[in-house]
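Data block below; observations after.
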Amino acid sequence: QEDTDHNYYTSRTYGPFDSISRDLWVNIDQMEKDKVKIHGILSNTHRQAARVNLSFDFPFYGHFLREITVATGGFIYTGEVVHRMLTATQYIAPLMANFDPSVSRNSTVRYFDNGTALVVQWDHVHLQDNYNLGSFTFQATLLNDGRIIFGYKEIPVAVTQISSANHPVKVGLSDAFVVVHRIQQIPNVRRRTIYEYHRVELQMSKITNLSAVEMIPLPTCLQFNSCGSCVTAQIGFNCSWCNKLQRCSSGFDRHRQDWVDSGCPEESKDKVCEKNLDTTEKPPHTTTSLQPTTTRFRVLTTTRGATTSHLPTSLPTEDDTKIALHLKDNGASTDDSAAEKKGGTLHAGLIVGILILVLIVAAAILVTVYMYHHPTSAASLFFIERRPSRWPAMKFRRGSGHPAYAEVEPVGEKEGFIVSEQC
């Protein structure tokens, strides 16, 4: 057993010979069958993700979630903005790798929700680029008190040997905030920049058969709901109170944009509460005081023209995990302003083209109706004079031997006819 402080979480690792590791494993097969769901799409596709609703509020980095995104690649995406690089940040990853459930009939992605915990299990999944390594079986359990448990039943090879050439390999947690930038020159077009403010990286060498990892959440500024308890908090974060938002924050969480737009950084410089300073209220958790947290950002998704004082420390491996087609994506793509602009231009051009086509068809119908009811009009005569003859010119001549008939012979594309006297 090992306790590791990650500022937001404390992790405990249990080996295969610890009895607790077996207790932390949730045997889905023994649960109520009507509550255990096998996701058909995730169990038969590669690099796919699908939304799953929670029956309870799950606190993640102090934020309450009621919806997550389960991916075939061995991780859970927790962000609200769906983009092309789901593996970059905002994830809960018991074992993120290039798993492909479609290569084996025995591979499934199952989940179970009993009202207080959600269990997501990747069953007998294989690596898409190295099938011969064997199948992996592991799970992630999210509890309503914020604890996160990773359980590993079948790990055929060392995790450190899994290739990350075609897909990132990660074990741990991550969270970020999204900043929306408006482009003044282009109305109704916005670009998003994603900043990762914290990451938990677990030691991959300790992920083996029958091992487990328990992550216990530490108190955050978001849990305080009054000015007094906020400014006097001793939890390892520099908590500040914003009267306009009535919120306590360190300034670095998912509500970062509201915090900045409301002028909270300037207001938080004065830590004196406007009304009675409640110094008797204690934080919900009485833990030893930690060292102040130093936040280091990684800009994960940026767009042209975005300015930031924090340069990216590393670039994420781009992934093409996609949201399942039967689910609504809400158009939440990455902050690629050029792509958004192009999509809006194509949409407007399509509408204009359809309107022009409708006008042309309507005009043609009106002209046809008018000419039908006014055969002697200038328009009718114009089209009649220029209408091509259906038959080639014919010449009638005598000599047929019968006064009622005449022999004919084609004379080519000539104007008019030469008609015999008999006719």
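Derivation of every value follows stated rules applied to the coordinates shown; laboratory data play no part. On a predicted model such as this, the values are computed, not experimentally measured, just so you know. Every residue, glycine as well, gets a Cβ built from its backbone with ideal geometry; the counts of neighbours run over all protein chains shown.
Structure above, values below:
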{"read-out": "Long-range Cα-Cα pairs in the range 121-260 (distance over 21 Å), rounded percent", "value": "61 percent"}
{"read-out": "Members of 170/206; 244/269; 35/153; 33/206; 153/206; 33/153 lying beyond 23 Å, as alpha-carbon distances in this model show", "value": "33/206"}
{"read-out": "Gain in span if fully extended, residue 3 to residue 180, counting 0.36 nm per residue against the direct Cα distance", "value": "60.0 nm"}
{"read-out": "Size-normalised alpha-carbon gyration radius of the range 222-268, reference 2.2 N^0.38 Å", "value": "1.00"}
{"read-out": "Ordering of 130-139, 357-366, 66-75 by packing [mean C-beta count within 10 Å, highest first]", "value": "66-75, 130-139, 357-366"}
{"read-out": "Stretch gain in nm, segment residue 145-residue 206, where the contour uses 0.36 nm per residue and the Cα spacing is subtracted", "value": "19.4 nm"}
{"read-out": "Alpha-carbon spread of the range 2-218, three principal axes, descending order, Å", "value": "60, 38, 37"}
{"read-out": "Loop trypsin sites (Lys or Arg not before Pro), the range 194-271 (other Cβ atoms within 10 Å of the site Cβ: 11 or fewer; DSSP)", "value": "269"}
{"read-out": "Viscosity 1.002 mPa s, 20 °C: Kirkwood-radius Stokes-Einstein D of the range 22-76 over Cα pairs, µm²/s", "value": "161 µm²/s"}
